[in-house]
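*Asks:* The following block contains the structure, expressed as structure tokens.
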Amino acid sequence: MENKIHKGGRLSKIWTDGTSINQKLKLPVLAMKLSIFLLAISLHVSAAVFSQQITISVSRAPLREVMQTISKQSGYNFLFKNSLSKEAKPVTITLSHVPVEIALEKIFQDQPFSYTIDHNSVVITKKKDQSNTPQPPSDRSILTLKGRIVDSTGIGLPRATVLIKEQKDKITFTNENGEFLLKSVPDNGTIVASMIGFQTKEIKYKDASDLLIRLKASNSVLDEVRVIAYGTTTTRLSTSNITSIKASEIINQPVNNPMLALQGRVPGLYVEVGSGNAGSSTQVRVQGQNSIANGSDPFYVIDGVPFNSTSPAYLSSILGVNGGSALSFINPADIESIEVLKDADATAIYGSRAANGAVLITTKKGVAGKTSVSVNMQTGIGKITRKLKLLNTQEYLNLRREAYFTNDKFTTSSPNYPLQYDINGTWDSTKNTDWQKELIGGTSRYSDIQAMISGGSKGTQFKFGAGYHKETTVYPGDLSDTKGSISYNMNHTSTNKRFTFQLSGNYLHDLNKLSYLDVTGAAIKLAPNAPDLYTNDGGINWAPLPNGKTTFADNPIALLSNAYRVKTDNLLANAQIAYEIIPGLNLKSSFGFNKLETDEFRTTPLFAINPSFINRIRSAMYGGSNSQNWIIEPQLTYYTENKFGKFNFLIGSTFQRNNLKGNSFTGTGYNTDAELSNMMAASNLTITNNVIADYSYSAVFGRISYNLRDKYLLNITGRRDGSSRFGAQNLFHNFYSVGGAWIFSSENWVSQNLRFLNFGKLRASYGTTGSDQIGDYQYLNLYTQVYADLPYMGSTGIEALGHASPYIQWEETKKLNIGLDLTMLNNRLQLTANYFRNRSSNQLLAYPLPIVTGFSSVYRNIPAKVQNSGLELVLKGDIINGKNFKWNSSVNITLPSNKLISFPDLVDYPSYSDQLIIGAPITLIRVYKFAGVNSQTGVYQFYDVNNKITSSPNTTTDKTTWVDLTPKFYGGWQNQFQYKGFYLDFLFQFVKQIGANGKAGNIPGVATNQPVSVLDRWKNPGDNEPVQRANSTGRYFRQESAFRSSDAAYSDASFIRLKNVSLSYNFSSTLLQKARISQARVYINGQNLLTFTNYLGMDPETRNFAFLPPLKIISIGTQITF
């Protein structure tokens, strides 16, 4: 690139290239086109960019040559009159990597010229003769102040704010090297330097022109960096309701799903685990359930890539709903922080995907410095937390005989008596087996190894990690879940700090080998005198009679022998590239990709089928799924600050596509059990499921953030979304939010009168978000295949599944949040309070149709409105902060409320009028009102719709009351103690709720065990007992079923659980230096250690009798960093 001087009349101009002036006039239009083009295709930058860092060394060089050199290096153009060239003095100067402003000042300080900078042009004029010009009286001199702001290691801090305290309009910010320049400032005064994440510093200066200001990193929680949508902020300057959990809290918990690490720690977030099996499903709700019939899961984003939390596996029910949680395929050890975004100010920029909140997961990154290697190894054991109190053999046999002989009037001569193996002497009546101990009372093994290497230079940092994780089960047999993972991250910044590139990725392979059914239910129901599980030779014990007929057909070992295996591969990758066009203006883009693939295999071998069955057919099921998701998000940001405040602008777009493919097959006709894994060995193979679904999503979004003197904050967000899940009539929708904050502690009248208050902020936000969690193709006419034994013309037929609904619209949630943040008593006490009210309308439901239309309903929007409101409180305190002993405590509580506030013409929707009540929660369960046990007949009674007592209630009309299983309040209490090198951290989780109590048992009197509550049963006329009479035939099954659907079947399931305990010791650095070790610690972690509850069932968290409760895990480990 050659610089040329163009002369035209009396005006000269030095350009940075050889173009003509006509061509230069076209540049603004071309630049606009290029900006649009770059935004559309994401980002494309050239390495040949101007650094605006000047390096020059000349001796008595003509000024014209020096200007050419400056122009070439900086891209600045010089304008001056030709006549001025004769007056220029030779230049002798040596500069190395200095900002162009400082270079110009040095070059022109002895010249008879003055200059002004207008964008990229330097206009040179002759200095005015001021010798005879009267000067205004002044007692202070004027100078140019320059300097550099660095951190504690000497690295320059870009975009730090610099101002003169005595002149608020004198404000600037540092360049990429931390350098700043302030012109025309008093010769003495006070300079104030500040930056997010660092302590503000004031320095008095006098007759100084070059300053070095060193800022200390802030230890205040107010200055902790928080990740938000498309950016970062701090607790101090946030206008949103966001809670952040750091890696230090996650690493102390032996969990396989990162969401389990948030239980009891995040106000407004309720996480409920499906079972104690590794990888099981979890239900996550942020500020309640918004949709009546559709998805209410939060929006998950991992390093900028949307992530579907639902596992595509579906051949087994042992992992709970939807085949388990896909979040268990993220290694918790790779996570740096998890942010939970709750209000509209935080979530509206995600539009239709974040009506139910958003969870941002940020993985660990490399850090500049020496290369470090860290290894973390732990091993442990797991046991169930609680067991159900069941009848012993004598109590069980008394119940069975009472039901069979006394109440049902059977005798030993009755035809079905030979089948009563538990009471007819076939089974040992003196045997008393605790089947919970035998089937779910084993010890699981927990192993986890994590290794990481990281380091890098100022410009390039890297991190590489690898992990191994294995958990066995408490069931009998060789069952386990094994994970292997790798992660990587690379960050690069050019020497001029204008170009950045980041590449990160996580890969995890999971092999889950479990039974396809949970045997917890069998452990509860199996008779205590049932035969042994295994024969003497280790086979399945069917306990056959001499005639070969089996008596132990329900042996749960047969269920465990039906093998289930699922292999899952999860790849998550993201690249980000950015370029600073001019100071403050950045063009960047992110490119994300996620691939989640499963391979399932389930068998029913012949040896696991009751030999008494006539048609014993071994079989196998095969399944596979592949979900690929890619996303591109180009963005343009601009940051500027002046005397009017700080402005941050963001504009961007989203292009996302998800492809899902899945199928399953069932095979029969295998020769041996050994061939079940070979699909080709099946003589008959049937396709049982086939799914192909494409989902496309696009959006444009923007955000304007305004900060006035770090006191008044304003955030305005907008987004326009388009989703393929809606028809052409309503393909797009707009979402917005407005959030603001007032840091009132910065007001003089507050600081002077409330001296105990260190920080106070009042926040408020309002906006809209939406939801498209409705499944694909709901607006289209859908068809399915029809199979026949004799297909017409040799082809399958098709039939319609329903009417098209091209006018369906987005469900929309309007969110209001008011928050208060206080820090008091020398920053030792912090209070955060948030009131939220979310109203979700335009509910997508099934609209009933006359049967003559061919279908019973059509999908459409109903103007029903659901409200979630509540209060979130967090109180943190540094109780003791001594030199050797520290004690920090934190408590949070959430008081939620959910209700249906309107549903026009609800009675016209039979499927919903039976479930919903205006003014009540949408999660309610309609139940009968229990009236006790009839003292004469011994049968359950209930109040009907007319408040009359009946033993045969009407299912449609007599469910006159309701219960709600959602928590009344929930929260956690965390304490952290430190004494020298010892650290103790524990968390209590508490929940106020009700749950199904199971106290009526499972038809007491039939051949299954029962809870001890059935001992209080009716036996004779006149008895007043809570449990009805025993029977062995199911004669009173209708009353039994009605009881389980009554208010008496639910009772208090509140609990306080010692959720997590971590005790560690960090070895002293003096001792470690001799071994060349940077850090070393040993620790013991515990999860779900103690539970305090009055709940009658197995576990108050799951409130389920069919799934394994969460396990109590204790692990010990060591972590060493070299």
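Any read-out appearing in this document is the output of simple, stated calculations on the displayed coordinates, not a laboratory observation. Just so it is clear, the model here is predicted, and its values are computed rather than measured. Glycine also receives a Cβ, built like all others from the backbone with ideal geometry; neighbour counts cover every protein chain displayed.
*Asks:* As a footprinting exposure proxy, order Trp810, Trp887 by other Cβ within 10 Å, with the fewest listed first.
*Replies:* By the 10 Å Cβ count, ascending, the order reads Trp887, Trp810.
*Asks:* Here's a follow-up. What is the gain in length, in nm to one decimal, between Tyr638 and Thr153 on full extension, counting 0.36 nm per residue of separation less the C-alpha to C-alpha distance? Mind dumping the intermediate values first?
*Replies:* Values: separation 485, 0.36 × 485 = 174.60 nm, distance 2.84 nm.
Length gained between Tyr638 and Thr153: 171.8 nm.
*Asks:* Net charge around Gly320, counting only other residues with Cβ within less than 12 Å of its Cβ (Lys, Arg = +1; Asp, Glu = -1)? Numbers along the way, then the final one.
*Replies:* Numbers: positive: none; negative: Glu272, Asp518.
After counting each charged neighbour, the total is -2.
*Asks:* Then there's this: Can you pull the one-decimal nm distance between simple spin-label points at Arg657 and Thr94, each 7 Å off the Cα toward Cβ?
*Replies:* Going from the Arg657 label point to the Thr94 one covers 5.9 nm.
*Asks:* For region 1032-1039, take each phi angle, set θ = phi - 60°, evaluate the Karplus expression 6.51 cos²θ - 1.76 cosθ + 1.60, and give the result in whole Hz per residue in order, putting x for glycine and proline.
*Replies:* Going residue by residue, I get 9, 10, x, 4, 10, 5, 4, 5 Hz, with x marking Gly and Pro.
*Asks:* Here's a follow-up. Under 8 Å for C-alpha pairs, at least 6 residues apart: give me the relative contact order for the chain, rounded to a whole percent. Can you show the working numbers first?
*Replies:* On the way: 2936 pairs, mean separation 108.0, N = 1122.
Once divided by the residue count of the chain, the mean separation gives 10 percent.
*Asks:* Got a sec to turn the phi values of region 697-704 into Karplus ³J(HN,Hα) couplings, 6.51 cos²θ - 1.76 cosθ + 1.60 with θ = phi - 60°, whole Hz, x for Gly and Pro?
*Replies:* 3J(HN,Hα) across region 697-704, in whole Hz: 8, 9, 6, 10, 8, x, 8, 10.
*Asks:* Further question: About the Cα centre of region 221-373, what is the dipole size in debye to 20, counting +1 per Lys and Arg Cβ and -1 per Asp and Glu Cβ, all else neutral? Walk me through the numbers on the way to the answer.
*Replies:* On the way: 10 positive and 11 negative charges, 29 e Å.
Roughly 140 debye, rounded to the nearest 20.
*Asks:* Apply the Karplus parameterisation 6.51 cos²θ - 1.76 cosθ + 1.60, with θ equal to phi minus 60°, to every residue of region 588-603 and state each ³J(HN,Hα) to the nearest whole Hz, in sequence, with x for glycine and proline.
*Replies:* 8, 7, 10, 10, x, 8, 9, 10, 10, 10, 10, 9, 10, 8, 9, 10
*Asks:* Lys and Arg at +1, Asp and Glu at -1: add these up for the other residues within a Cβ distance under 14 Å of Pro904 and post the number. Walk me through the numbers before you get to the answer.
*Replies:* Numbers: positive: Arg860, Lys865; negative: Asp905, Asp908.
Within the 14 Å Cβ shell, the charges total 0.
*Asks:* Size of the dipole of the chain about the Cα centre, Lys and Arg at +1 and Asp and Glu at -1 on the beta carbon, nothing else charged, in debye to 20?
*Replies:* So the magnitude is around 3840 debye.
*Asks:* Between region 605-680 and region 755-828, how many Å separate their Cα centres?
*Replies:* So the two Cα centres are separated by 20 Å.
*Asks:* Under 13 Å from the 7 Å Cα→Cβ point of Leu825, by amide nitrogen: which residues of region 874-896?
*Replies:* Flagged as within label range: 875-881, 887-890.
*Asks:* Ranking Asp334, Asp1047 by Cβ neighbours within 10 Å, fewest first, what do you get? Numbers along the way, then the final one.
*Replies:* Values: Asp334 29, Asp1047 18.
Sorted ascending by nearby Cβ count, the order is Asp1047, Asp334.
*Asks:* Ok, one more. Going by average Cβ density within 10 Å per residue, which order do the peptides 259-267, 1093-1101, 53-61 take, highest to lowest? Display every interim value, and only then the final one.
*Replies:* On the way: 259-267: 24.7, 1093-1101: 22.1, 53-61: 14.9.
The packing order, highest mean first, is 259-267, 1093-1101, 53-61.
*Asks:* Assuming 0.36 nm per residue, please report the length gained on full extension of the stretch Thr853 to Lys595 beyond their Cα-Cα distance. Display every interim value, and only then the final one.
*Replies:* Working: separation 258, 0.36 × 258 = 92.88 nm, distance 4.18 nm.
Extra length available between Thr853 and Lys595 comes to 88.7 nm.
*Asks:* Still on this model: Provide, in order from the shortest bin, the percent of all Cα-Cα pairs of region 221-373 in each 10 Å bin, continuing until the bin that contains the maximum pair distance.
*Replies:* Taking every Cα pair in region 221-373, the percentages come to 11, 39, 36, 12, 2, 0.
*Asks:* Would you please give the FRET efficiency between Leu211 and Ile381, computed as 1/(1 + (r/R0)^6) with r the Cβ-Cβ distance and R0 = 56 Å, to the nearest 0.05?
*Replies:* Values: r = 60 Å, r/R0 = 1.07.
About 0.40, to the nearest 0.05.
*Asks:* Moving on. Taking the alpha-carbon centroid of each part, what is the distance from region 1017-1080 to region 279-339 in angstrom?
*Replies:* 23 Å
*Asks:* Follow-up. Can you put Arg725, Arg1029 in order of Cβ neighbours within 10 angstrom, beginning with the fewest? Walk me through the numbers on the way to the answer.
*Replies:* On the way: Arg725 19, Arg1029 26.
With the sparsest Cβ surroundings first, the list reads Arg725, Arg1029.
*Asks:* Counting only helical runs of four or more DSSP H residues, what would the 222 nm mean residue ellipticity of the chain come to if each run contributes -39,500 (n - 2.57) and the total is spread over all its residues? If you can, show how the numbers build up before the last one.
*Replies:* Numbers: 14 runs with 100 residues, N = 1122.
Taking each H run of at least 4 residues, the total per residue is -2500 deg cm²/dmol.
*Asks:* What FRET efficiency do you get for Arg64 and Ser911 if R0 is 56 Å and r is their Cβ-Cβ distance, rounded to the nearest 0.05?
*Replies:* On the way: r = 86 Å, r/R0 = 1.53.
So, using R0 = 56 Å, E works out to roughly 0.05.
*Asks:* Compute the relative contact order of region 563-720 as a whole-number percentage, counting only Cα pairs closer than 8 Å that sit 6 or more residues apart in sequence.
*Replies:* Across region 563-720, relative contact order equals 19 percent.
*Asks:* Now, a different point. Let's test the formula: R0 of 60 Å, r as the Cβ-Cβ distance of Ile203 and Leu895. What FRET efficiency results, to the nearest 0.05? Each step should come with its number before you reach the end.
*Replies:* Values: r = 48 Å, r/R0 = 0.80.
With R0 = 60 Å, the Cβ-Cβ based efficiency is 0.80.
*Asks:* Let me ask something else. Using the charge dipole of region 722-868 (Lys, Arg: +1 at Cβ; Asp, Glu: -1 at Cβ; taken about the Cα centre), state which of Asn868, Ser856, Ser723 has its Cα farthest towards the positive end.
*Replies:* Positive-end residue among those listed: Asn868.
*Asks:* Quick one: if you stick a label point 7 Å off each Cα along the C-beta vector at Leu545 and Ile453, how many nm between them?
*Replies:* 7.0 nm
*Asks:* Run the numbers for Tyr417 and Leu762: contour at 0.36 nm per residue of separation, minus the present Cα-Cα distance, in nm. Mind dumping the intermediate values first?
*Replies:* Working: separation 345, 0.36 × 345 = 124.20 nm, distance 7.51 nm.
The span from Tyr417 to Leu762 would gain 116.7 nm if fully extended.
*Asks:* Just how far, in whole angstrom, is region 546-602 from region 939-955 if you go by their alpha carbon centroids?
*Replies:* If we compute the Cα centre of each part, the gap is 48 Å.
*Asks:* Compute the orientation-averaged projected area for region 471-621 from the convex hull of its Cα atoms and round it to one decimal in nm².
*Replies:* 14.0 nm²
*Asks:* Also, I was wondering about something else. Modelled label-to-label distance, Thr125 and Thr495, 7 Å Cα→beta-carbon offset: nm?
*Replies:* Here the answer is 3.8 nm between the modelled labels.
*Asks:* What's the local net charge at Arg1017, with K and R +1, D and E -1, over the other residues with C-beta under 9 Å away?
*Replies:* Numbers: positive: Lys1019, Arg1029; negative: Glu402, Asp1016, Asp1023, Glu1025.
Around Arg1017, the charge tally is -2.
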